[in-house]
1. Taking every DSSP beta bridge with both residues inside the chain, roughly what % is antiparallel (nearest 5)?
2. At q = 0.12 Å⁻¹, work out log10 I(q)/I(0) for segment 153-302 with the Debye formula, treating every Cα as an identical point scatterer and leaving solvent out; two decimals please.
3. Can you pull out the cysteines in the chain that have no other Cys Cβ under 4.7 Å?
4. Given charges of +1 on the Cβ of Lys and Arg and -1 on the Cβ of Asp and Glu, with all other atoms neutral, how large is the dipole of the chain about its Cα centre, in debye to the nearest 20?
5. Can you send over the solvent-accessible area of ILE297, 1.4 Å probe, protein chains only, in Å² to the nearest 10?
6. Rounded to the nearest 0.05, what FRET efficiency is calculated for ARG371 and ARG334 with R0 set to 22 Å and r the Cβ-Cβ distance?
7. Check which residues have an amide H placed less than 5 Å from SER158's amide H, if you skip close sequence neighbours.
8. Test of the criteria: in segment 180-285, which trypsin sites (Lys or Arg not before Pro) are in a DSSP loop and have at most 15 other Cβ atoms within 10 angstrom of their Cβ?
Amino acid sequence: MPTVYIKTYGCQMNERDSEAVAAQLVGRGYSLVDEEQGADVVLLNTCSVRDLAEQKALGKMQAMVGHSRKHRTGQVFGYLGCMAQSRGQSLAEGVDGVQLVLGTQKFHRAADHVEDLLTGRQKVVVDTDAEEGSQSKLAEHLSTAAAPGRRQVSAFVSIMQGCNQHCTFCIVPFTRGRERSRTIPEIVEECRRLVDHGVREITLLGQIVTSFGRREYAVVDGRSPFVQLIEAVHEIDGLERIRFTSPHPKGYGSDLIEAYGRLPKLVESAHLPLQSGADRVLREMHRGYTRARFEEIVAGLRAVQPGIGITTDIIVGFPGETEADFEETLSLCRSIEFDNAFVFKYSPRRDTPAASMAGALPEPLIEERHRRLLDVINEVGKRRYDAMVGRIVPILVEGISRRNATRYEGRTRCNKIVVFTGAPRHVGQVIPVRVERVGTFTLYADPSVIGVDEVEGSAGNGDEVAAEAGLKVVEMTAVRELNR
Ligand code: SAH
Ligand code: F3S
């Protein structure tokens, strides 16, 4: 039986695409392995958002192909995803030994192509065309591992592909194409199936999820198609939490803000990509909002859910960014107090308008601003995390901790990771824990203080678990309040 190794670079959309490819191959009898050495098929699912991500994948592939040649392993190597889409044929020519180059609208063809290559029916396959309806062709998920502590509690569901926003720095509209949405019934059906298999939390995924269904669905009673989708998913019995990523700030109308107060499964967490705090730069980036509008959105969210966790993406060193522009970003980060932020050094991308703008900044200056902004993000983030110490918060337990294999981890509704001493039976449950101390963007907690160790049996919703643990449901509601 052939074995497959898949390595994923980049965003959650890529993780989800890799999972769907893996599920396809497993469905045909392939088995997944954790190491490339010895695997019959080796696939890199790539990211093009920054040059660094591309260089990493190219370097990795070169090393693997070199090793394979030397030892005559006869492995099949392939590039999938964004870099395959943007570089195409040249990848198969560049590192010969690469037989498969599969674009972002062709993931559903992965198993067919791999089979053709393994059996020698084809020598090289480059498949990067656009394909109508590709957004609906990837509903397979890996069935959850049966081992205790490994059960899948949280799942990604892709709701759309592509992005039409064309931010001037961004390659995504080129690698992922125009916006194409799935239908609400097919998304709900996929979510329902996952919940039937024990999933408790679903993250709706897309490059610009707030634009979901804009062409396919009408606004109803002031509610955008995206809010209608959240409402439909919210109906699923047994589903505990709904998240989504990535939204665009321009999609945070009053209907979405209001949904955070109305829909209990929609968790108090928002990833709101800011990119810059200076109006001049935002305009050059073609972001479609101002600093004041961004502040208004955050204020609106906090009015509805005071404890909401807000994270962001910021780019430093966009062409022409002055010290004054950068200081506006610093001051906005200080005043908003993000819970966390991904800070990126601007990287010129082929075909994007920003790549040919005047005013490119020297690397050392970009480095310096990157460091200064990280310092501010760490400082305000730490304040937000420190404020959680001593609180009792409900967490959804995901499994064994990725940081410490002797402990378990879960997430608060506001998306903070909590590491605690747990047991296999906690996995998939919502349990209240008391936050004891803070690590780097991680909380450490002790569940025993409120008798959760006595909780037995399979997953229930938070209230049932609390009731089992001898807590009154009213107290559990108070616990929910505390987390806000
Ligand atoms: N909506 C998408 C955006 C993908 S890119 C999503 O978040 O899934 C993710 C982040 O990478 C962007 O928000 C931006 O902050 C950063 N980024 C995009 N293009 C970049 C570039 N050319 N240089 C540096 N950072 C970039
Ligand atoms: Fe990229 Fe802007 Fe779309 S960051 S993914 S073009 S919203």
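The values are calculated or read from the model by the stated rules, or taken from the named source; none is laboratory data. What you are looking at is a predicted structure, and each value in this text was computed from that prediction instead of being measured. FYI the Cβ positions are ideal-geometry reconstructions off the backbone, even for glycines, and counts take in every protein chain you see. Ligands, DNA and RNA are stripped out before the accessible areas are found, and what is left, the full protein with its side chains, is counted by its heavy atoms. Shrake-Rupley method; radii C 1.70, N 1.55, O 1.52, S 1.80 Å.
1. Numbers: 22 of 66 bridges.
Roughly 35 percent of the DSSP beta bridges within the chain come out antiparallel.
2. With no solvent term, the Cα-only Debye profile gives -0.51.
3. Those would be CYS11, CYS47, CYS82, CYS163, CYS191, CYS333, CYS414, since no other cysteine Cβ in the chain comes under 4.7 Å of theirs.
4. On the way: 61 positive and 65 negative charges, 112 e Å.
The calculated dipole for the chain is roughly 540 debye.
5. In the full protein context, ILE297 sits at about 0 Å².
6. On the way: r = 16 Å, r/R0 = 0.73.
Computed FRET efficiency for ARG371 and ARG334 comes out at 0.85.
7. Here LEU205 satisfy the definition.
8. Numbers: sites: ARG180, ARG182, ARG192, ARG193, ARG200, ARG214, ARG215, ARG223, ARG241, ARG243, LYS250, ARG262, LYS265, ARG280, ARG283; in loops: ARG182, ARG200, ARG214, ARG215, LYS265.
When the trypsin sites (Lys or Arg not before Pro) of segment 180-285 are filtered for loop state and at most 15 Cβ neighbours within 10 Å, ARG215 remain.
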